[in-house]
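Below is one structure, written out as structure tokens; comments come after it.
The values are calculated or read from the model by the stated rules, or taken from the named source; none is laboratory data. All values derive from a computational prediction rather than experimental measurement. Using ideal geometry, Cβ is built from the backbone for each residue, glycine included, and neighbour counts are taken over all protein chains shown. To get the accessible areas, we keep the full protein, side chains included, count just its heavy atoms, and leave off ligands, DNA and RNA. Shrake-Rupley method; radii C 1.70, N 1.55, O 1.52, S 1.80 Å.
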Amino acid sequence: MDTAQEPLAPTSASWRFKVGVAIICLMLGSWLMVPIAAALDVPGSKVAALTGVLFISNKVLLLLVIAVMG
């Protein structure tokens, strides 16, 4: 009865890590909509609403990243 374990070989990043990084990139990239909306002369109230929606959605996405990446 031999209890020696074979060493694990390094593996590529798992799908959870890749999905987590993609969500983080989405979080950062979504903030680019605010200056683009301002440059397109969108009314200030709509830019403010967009900023609020992005703030809340980024918090939700951060929780999702934590859940996915473990």
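If you go through region 3-24 and keep only what is open to solvent by less than 80 Å² (accessible area, probe 1.4 Å) and either assigned to a helix (DSSP H, G or I) or at pLDDT 75 or above (or both), you end up with SER14, VAL19, GLY20, VAL21, ALA22, ILE23, ILE24.
Scan region 53-70 for residues that are open to solvent by 60 Å² or more (accessible area, probe 1.4 Å), in a helix (DSSP H, G or I) and in contact (Cβ under 8 Å) with a residue 12 or more places away in the chain and jot them down. Passing the criteria: LEU62, LEU64, MET69. So the check is Cβ under 9 Å with 6+ separation or different chains; which pairs have a first residue in region 38-52 that's in contact (Cβ under 8 Å) with a residue 12 or more places away in the chain and a second one that's assigned to a helix (DSSP H, G or I) and open to solvent by 60 Å² or more (accessible area, probe 1.4 Å)? Listed pairs, sorted by first residue: LEU50/MET33.
I'd like to know if region 35-42 contains one or more residues that are open to solvent by 80 Å² or more (accessible area, probe 1.4 Å) and not in a helix (DSSP H, G or I). Within region 35-42, one or more residues are open to solvent by 80 Å² or more (accessible area, probe 1.4 Å) and not in a helix (DSSP H, G or I).
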